[in-house]
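Report on the following structure.
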Amino acid sequence: MVIYPVLVGEIAKRGIKKKTIAQSIGVCDKALNNKLNGKSSFTWPEVKIILHQFFPDMKPEDLFIKNSELEQKVR
């Protein structure tokens, strides 16, 4: 299950390869998938790299919102 739906959606919408993001934060593809699926957490330095290199137009609280938080916002 995807924990960060906005992040995953923006990656797809902008045509960014997950492998490129993984390389930029210094992890393997599987580690990035574990982070996207909530099996492990993003570190603050990883968040800053992802924002700076791929999503400079977005705020961290918008891009890294979790499913549960998004559902509460909609209600």
Hits in segment 34-50 - residues which are among the polar types (S, T, N, Q) and either in contact with a His (Cβ under 7 Å, 6 or more places away or on another chain) or assigned to a helix (DSSP H, G or I) (or both): 34
Segment 1-17: number of residues that are open to solvent by 40 Å² or more (accessible area, probe 1.4 Å) and either more than 20 Å from residue 41 (Cβ to Cβ) or hydroxyl-bearing (Ser, Thr, Tyr) (or both): 5
Return the total of residues in segment 11-35 being over 13 Å from residue 53 (Cα atoms) and in contact with a Phe, Trp or Tyr (Cβ under 6 Å, 6 or more places away or on another chain). 1
Against the definition (basic (Lys, Arg) and either surrounded by 17 or more Cβ atoms within 10 Å (Cβ to Cβ) or under 11 Å from the mean Cα position of the chain (by Cα) (or both)), how does residue 30 come out, yes or no? no
Among (1) open to solvent by 90 Å² or more (accessible area, probe 1.4 Å); (2) under 10 Å from the mean Cα position of the chain (by Cα), the one test that residue 21 misses: (1)
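The values are calculated or read from the model by the stated rules, or taken from the named source; none is laboratory data. Remember, it's a predicted structure, so these values are computed and weren't measured experimentally. Every residue, glycine among them, receives a Cβ derived from its backbone with ideal geometry; neighbour counts consider all protein chains shown. To get the accessible areas, we keep the full protein, side chains included, count just its heavy atoms, and leave off ligands, DNA and RNA. Shrake-Rupley method; radii C 1.70, N 1.55, O 1.52, S 1.80 Å.
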